[in-house]
1. Could you work out how far the C-alpha centroid of segment 127-202 sits from that of segment 315-385, in angstrom?
2. Can you give the extra length, in nm with one decimal, that the chain gains between residue 327 and residue 1 once fully stretched, where that is 0.36 nm per residue apart less the Cα-Cα distance?
3. Helix 48-59: angle to the longest alpha-carbon principal axis of the chain, degrees 0 to 90, nearest 10?
4. Could you calculate the FRET efficiency of residue 220 with residue 79 from 1/(1 + (r/R0)^6), where r is the beta carbon distance between them and R0 is 30 Å, rounded to 0.05?
5. Apply the a/c threshold of 1.5 to the C-alpha gyration tensor of segment 22-228 and tell me whether it is rounded, prolate or oblate.
6. For residue 296 and residue 68, what does the FRET efficiency come to when R0 = 41 Å and r is the distance between their Cβ atoms, rounded to the nearest 0.05?
7. Fewest first, what order do 145, 162 take by the number of other Cβ atoms within 10 Å?
8. Consider a paramagnetic label point 7 Å from the Cα of residue 46 along Cα→Cβ; state which residues of segment 372-401 have an amide N under 13 Å from it.
């Protein structure tokens, strides 16, 4: 199992190209099952999660070709409508093949995705949306068995709370449904609008994506298209927070600061100088520690839960006391005790973490518990004195493309140790 060794205490200077968004790429990849024509994705990130979904799409009959950052998918014929447990259990986003298979073939058998290290994350809203569109759904020994022999039909679906996954899943399925579908209380994350842009390029008729109400008018078929995956806002924010913790100045290219939502003013209030560029942003750390701030994670455009762990690492050496309230997932402070091993002063009470800034962190052996927690340990390691050894870095490979290469070019001392 690979490890990352980091010698901290070096400020970061240089430029980092931001990759395509993992959270968007996975959903637009699933859209390839909706058409028998090729779908070409540019700015596609090469990540462990992407490779895992490619394995599942291949089982369904999709041919794939990856050339640099261009991914070409072609599901001319659906070879199988079953998504087995051994593939779906490894990545939650795999569950979103259910809607496209059901919409195109009228049937699907997909394993439930199971639990997650950061919370249960149930799929009941996904299934309720598909049921509202006319699907007959049964649960059979850990599998969702869905059928719609006469096809899906439009429906008015009001989500009881905001769910990114359920919104995306309902959008995918509704593109080929008869009549119109309205999604109320829809998620507003940038990845939702990106999926809609891709589907519209394929011939779908979707309006309102990015707002609380999305309207989809079903079409008989979708065609092939070329779509550019939007930049990864979580990678953008993470590298900006690395500057906050370690110091220096980075140019983050190929991204858009507006994708950060509420995280952007938080970074500025913490003391980072941010200059907006035509092709990204420049982040600079002034001398001295960051200012401690309180945040509450919320759906977009609020502060993203996927940046909470990285923000905690930055606050570990901030001046003052910060409070971090996690409202999205019930078990997302597992990085706190690992940061404490490095000297951070963090106390957790339910869904709130209190971080008392210390002058410096010290390198230590730590263990990654999930994707975003992994990046928090990298940020802490970059700022700490001495060596930090991060175990279980396969989590990082799920969501950060060429991390060691990008950081090394900016002066970091970071090395992957293969075992």
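Rule-based calculations on the coordinates, nothing more; no lab input. Given the structure is predicted, the values throughout are model-derived calculations rather than measurements. In this analysis, Cβ positions are derived from the backbone assuming ideal geometry, glycine residues included, and neighbour counts consider all displayed protein chains.
1. Distance between centres, Cα-based: 36 Å.
2. Working: separation 326, 0.36 × 326 = 117.36 nm, distance 3.24 nm.
That pair, residue 327 and residue 1, stretches by 114.1 nm at full extension.
3. For helix 48-59, the angle is close to 10 degrees.
4. Details: r = 23 Å, r/R0 = 0.75.
For R0 = 30 Å, the calculated efficiency reads 0.85.
5. rounded
6. 0.55
7. By the 10 Å Cβ count, ascending, the order reads 145, 162.
8. It comes to 401, nothing else.
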